[in-house]
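Chemist: Attaching a single structure in structure tokens format; questions to follow.
Bear in mind that the values in this text are calculations on the coordinates, not laboratory data. Here the structure is a predicted model, which means the values were calculated and not measured. Here the Cβ positions follow ideal geometry from the backbone for every residue, glycine too, while neighbour counts run over all protein chains shown.
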Ligand code: IPE
Ligand code: IPE
Ligand code: MG
């Protein structure tokens, strides 16, 4: 008989394992401000931000949270200075290459959502390699939103569905929420239960517009590079105190 995987063992006592979010989404914001506060170039904040994400991914996995989605680069982030955009693309590529073995060892299934066609070819190849290699891993589903925009995602779904209708493959009456979701990048993944945004900004900046319909939102003033396990614990405690009504009233 194979031993049960050692999960849930490290969950803090005050959290209820049965009521943890099944999918956490994070808007990793504040890297630039973190660097500026230290008199460093913005890119140093992005570099530190990678360490934060690695730790959060491991923590989710250890605590039995089955899905984590991180916003790494928005469709609007192309508007940043060229050196910063270039640095980020190179950073993503390098981190993917360096972390693949570790992700295999930790049973992480990585996927990317967004319009990947606009990314540099070498990054795209690294993405494809990582997705193909980890596709059967079941430890945690880790989704990275890169060149992602919620509006862009909805428009591309509309186009795909309109094409089906035009070709007579579906009738207008077939278009409902269930069908629509199947044409989003996130098809097959449950919607996030908890959205965390760091750096105090009270907005969703074009992230998962459809999928966040009923997510609990948690905003912390902490900047992303400083977001640690204690902060995550606080976010989960706050989540467990929420009353999720989904538009209904308590019986
Ligand atoms: C988030 O940090 C990382 C990305 C958007 C890539 P920022 O770079 O937005 O940091 P601030 O908001 O300028 O501090
Ligand atoms: C959102 O952060 C995008 C990512 C974290 C990748 P931004 O820093 O781009 O968002 P705004 O500009 O503050 O809305
Ligand atoms: Mg920002």
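Chemist: Of 149, 188, 114, which is the most mobile in a GNM of the chain whose springs link Cα atoms less than 10 angstrom apart?
Modeler: Per the Cα network of the chain with a 10 Å cutoff, 188 tops the list.
Chemist: List the relative contact order of region 68-167 as a percent without decimals, with contacts defined as Cα pairs under 8 Å and 6+ residues apart.
Modeler: 42
Chemist: Further question: How would 249, 24, 95, 135 line up from fewest to most surrounding beta-carbon atoms within 10 angstrom?
Modeler: Listing 249, 24, 95, 135 from fewest to most nearby Cβ atoms yields 249, 135, 95, 24.
Chemist: Using Cα pairs closer than 8 Å and at least 6 residues apart in sequence, work out the relative contact order for region 166-248, in percent.
Modeler: That works out to 27 percent.
Chemist: Describe numerically, in nm with one decimal, the distance between label points set 7 Å from Cα along Cα→Cβ at residue 210 and at residue 151.
Modeler: It works out to 1.7 nm between the two label points.
Chemist: Classify the chain as rounded, prolate or oblate, taking a ≥ b ≥ c as the square roots of the eigenvalues of its Cα gyration tensor: rounded when a/c is under 1.5, otherwise prolate if a/b is larger than b/c and oblate if not.
Modeler: Note, shape of the chain comes out rounded.
Chemist: Taking the number of other C-beta atoms within 10 Å as the exposure measure, put 63, 210 in order starting with the fewest.
Modeler: Going from least to most buried by this count: 210, 63.
Chemist: Can you tell me the length gained on complete extension of the stretch residue 124 to residue 217, counting 0.36 nm per residue apart and subtracting the Cα distance?
Modeler: Difference between extended and current length: 30.4 nm.
Chemist: What number, rounded to the nearest 500 deg cm²/dmol, is the helix-based mean residue ellipticity at 222 nm of the chain, given -39500 (n - 2.57) per DSSP H run of at least four residues and division by all its residues?
Modeler: -13000 deg cm²/dmol
Chemist: Residue 202 versus residue 83, label points 7 Å from Cα toward the beta carbon: distance in nm?
Modeler: Using points 7 Å along Cα→Cβ, the separation is 3.5 nm.
Chemist: With 10 angstrom as the radius, rank 172, 164, 57, 208 by how many other C-beta atoms surround their C-beta, starting from the fewest.
Modeler: 172, 164, 57, 208
Chemist: Under 1.5 on a/c is rounded, so check that first for region 120-251, then, if it is not, pick prolate when a/b is larger than b/c and oblate when it is not; a ≥ b ≥ c are the square roots of the alpha carbon gyration tensor eigenvalues.
Modeler: oblate
Chemist: Ok, one more. For a label point 7 Å from the Cα of residue 245 along Cα→C-beta, name the residues of region 200-235 whose backbone N is under 11 Å from it.
Modeler: Of the residues in region 200-235, none has backbone N under 11 Å from the label point off residue 245.
Chemist: Residue 177 versus residue 51, label points 7 Å from Cα toward the beta carbon: distance in nm?
Modeler: The answer from the label model is 4.3 nm.
Chemist: Enter the Cα centre distance for the pair region 111-164 and region 177-251, rounded to the nearest angstrom.
Modeler: 20
Chemist: Can you tell me the relative contact order of the chain? Whole percent, Cα pairs under 8 Å, sequence separation 6 or more.
Modeler: With pairs under 8 Å counted, the relative contact order is 27 percent.
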